[in-house]
1. Under 8 Å for C-alpha pairs, at least 6 residues apart: give me the relative contact order for the chain, rounded to a whole percent.
2. Taking 56 Å as R0, compute the FRET efficiency from the Cβ-Cβ separation of residue 480 and residue 192 and round it to 0.05.
3. Angle check, please: helix 322-335 long axis (alpha carbons) against the longest principal axis of the chain (alpha carbons), in degrees 0 to 90, nearest 10.
4. Grab the beta carbon distance between residue 493 and residue 323, set R0 = 51 Å, and tell me the FRET efficiency rounded to 0.05.
5. Taking only the Cα atoms of the range 732-845, how large is their convex hull per residue, in Å³?
6. Cross-link partners among aspartates and glutamates for residue 729, C-alpha distance below 19 Å, same-chain residues fewer than 8 apart left out?
7. Relative contact order for the range 230-363 using alpha-carbon pairs under 8 Å, separation at least 6, rounded to a whole percent?
8. What's the angle, to the nearest 10 degrees (0 to 90), between helix 42-53's Cα axis and the longest principal axis of the chain?
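The values are calculated or read from the model by the stated rules, or taken from the named source; none is laboratory data. Being a predicted model, the structure only gives us computed values, none of them experimental. Here the Cβ positions follow ideal geometry from the backbone for every residue, glycine too, while neighbour counts run over all protein chains shown. These accessible areas exclude ligands, DNA and RNA; they are computed on the full protein's heavy atoms, side chains included. Shrake-Rupley method; radii C 1.70, N 1.55, O 1.52, S 1.80 Å.
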Amino acid sequence: MSTAAAASTAGIPTPGPSSDPAPVSPSALPERARVVVIGGGVIGTSIAYHLAHLGWTDVVVLERDRLTSGTTWHAAGLMTCFGSTSHTSTAIRLYGRDLYARLEAETGLATGFKPVGLIEAAADEGRLHEYRRIAAFQRTQGLEVHEITPREIADLFPLAKTDDLAAGFYVPGDGRVNPVDLTMSLARGAKQLGVRIIEGVSAESVVTHNNRVTAVRVTQGDGTADIECEYAVNAAGMWARELGQRNGVVIPNQAAEHYYLITEPIDGVSPDAPVFEDPAAYGYYREEGGGLMVGLFEPRAAAWKVGGIPQDFSFGTLEPDWERMEPFLRTAMERVPVTLDAGIRTFFCGPESFTPDLLPAVGEAPGIRGYFVCAGLNSIGILSSGGMGRLVAQWITSGHPDADVTAFNVDRFQAWQLAPRLRAERTSEVLGTVYAAHAPGTQLRSGRGIKRSPLHDKLIAQGAYLKDVSGWESPDWYAAPGTTPTAQPSWHHEPWFEQWRAEHEAVRTGVGLIDMSFMAKFIVEGPDAATVLDRISAGPVAGQPGRIVYTQWLNDTGGIEADLTVTRLADDRFLVVASDTAHGHVAAWLARHTDGADARVSDVTATYAQVNIQGPRSREVMAAASDDDFSPEGFAFRDARWVHVGNAPVLAIRITYVGELGWELYIPVEHAGHVYETLVAAGEPIGLRHVGLKALGSLRMEKAYRDYGHDIDNTDNLAMVGLGFAVAKDKPAPWIGRGPTLAALAAGPPQSRLVQVLLADPEPLLFDAEILLRDGVPVGDVRSGSYGWTLGGAVGLAMVTNPDGPASADWLSAGTWEVDIAGQRYAARVSLRPLYDPTSARVNA
């Protein structure tokens, strides 16, 4: 190990031209282009390449120095598909792997792709269970993956210590690629089709007019010049945050130190050896120059240059913190013991950028038409670049993504996430989760407590176990009186499940109080408010004041953009309520469609607390807490009006997300404490119970209520997900998505369809991505799952596809259904109707 301590970065070759780029004369800069891509790394060149293949060749790529000079040049070059239960991420990786194998035939430049295979080691039973779930899912997506024994790992990668491993997962088609060669091949492919790539020119900002991109401003000598364009793409890598801030675009990616070492040549190391990963040992290993590269994702990382990345940082390295890294490096090297005695050629430290949730920042920036982002790839930029470039190019040219982007749309970020201290703390933690186990219940601890309900302290006093909900601290469940709420991440039943069960049953048989102040809330008002909302909503939102409507917002292809409620408070005033995860997207959609209209949008999320009183005895609580009429005749389902609870004004709406009689209460924050105390006092005689989000999830899942971004997404239409009942087919005014939606509903049962699934065995649990089999053949997977305490087993919502025709009720009922959970099959029941209270008699009580 002493040789490693003494190693430096001096031996790393610079993979690009060593000379400074030649100055670009004013005449060399084009006056205009249809698209300007900012950033000449693997992401920017891939986007340009794919735009050109889609017929958009009037494209300019701007690189401030040389291609690959940011972080692409020093990437480890892993091309591995294993590890995701996301349809989108898996498809992105598979597409990239295929592209890298065939690109040389098109461009004449090799990418260095070698399908040497991947071995992913499972060091313990928890990881083995997790990887079995992943393997089962990814096999259905077309990835060849085999579970292998420790002995078989040793046969494939003899240098590894394997006697303490539980198993491994072998992907023969995965491998490695040369990041610089890949970038150059993509660049040549783009140029062959007419794309212009200009090095040595820095983009200063994106110029806009009337909330639309009009140009990209670049530095030119001592001044600036504008390249007129319709679209600008921020693919600036670790500079993307700073570039975005110049236009008010929130991209909270942050650079961090990333390490690997390269040994001197080692006997027995073959260039055809598979890539080997052992996340429990923090390490990945592959052949490099006859020796081994040992890469690290340590459990606690270090952010770099929180104040901003130097503009002249090119082909740069960082001074390694050997003292901090030595324990992690030793652990990694002990997995492949020969590296402990090998000479160290290079000990490398370079920057990679990470986002707060370890998901990329992709899509059209909220509030600026034509400004696209593709950044924050979280150290998987090389293996994602092919598929991500295709996705962004398709999004730009067609106007809509053709994959589920709800998890990584750039509009999910909020300005508070740019705080320097938060970026530093979160990046240090989130990089450490790359190789961590990912059992359900795992939470990040940095950046907590930033948003709190006005009832926060009162809920803590009730024993709340808190979880992070889009930055809000919200109760997941409540501990028994006199006990401290604690929980461990797990794939199995845990002791606190009894508290969860009791909360669930309280809502089904009595009454529960649920704090949902984190929900996104908007007031839309003005003379054109009704017209705008009616045009963007599939449902009849412009009815009489005092009524709430559950509706979806669609794009012009009929894809779902939002799933929410709209309440008409007055002729010219509406309340829009959406989930916390949809906050940014709903705000952006409203801003886009009120642009030019006489309508104003106000974000009132923090103005009103939201408390839900739900359950068959909720009417008794409301009657005791208020002098207003909450009788069935006096307060019908979907009614909305201002009432007094205690002595405070409250907007009460009779609606439910749990499948029971109940009310959502919107309370001015200054009155929240008083209203809460009044409700608790009114409910105490009949056993009102505090209820957390875990029970909210299980209650809504039993009723098969949808959740955008989890059960349904932008790739679905209303026919597929069973929401045709929410469509106002006879609305006289046109609404966005009307044509394709009505056509889909009129066409009969679709080929792919969302169904509810219930396991017969009460022991196994559903989370997401478990495989559904009909007559032994995989036909779909669970999009989200919970436990149905009333139904007696795990319950979920799954998308299934009939490969031979429509997924009709007859096709569903004729099959024998099972669910694959980590390689074991369990008998299941599927249904198009909710398995709990299918007629909604309890809701309408």
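1. Working: 2026 pairs, mean separation 95.3, N = 845.
With pairs under 8 Å counted, the relative contact order is 11 percent.
2. Efficiency at R0 = 56 Å is approximately 0.25.
3. 90 degrees
4. 0.75
5. Hull volume over Cα atoms, normalised by residue count, gives 136 Å³.
6. The qualifying aspartates and glutamates are 534, 556, 561, 563, 716.
7. On the way: 210 pairs, mean separation 44.5, N = 134.
Here the relative contact order equals 33 percent.
8. 80 degrees
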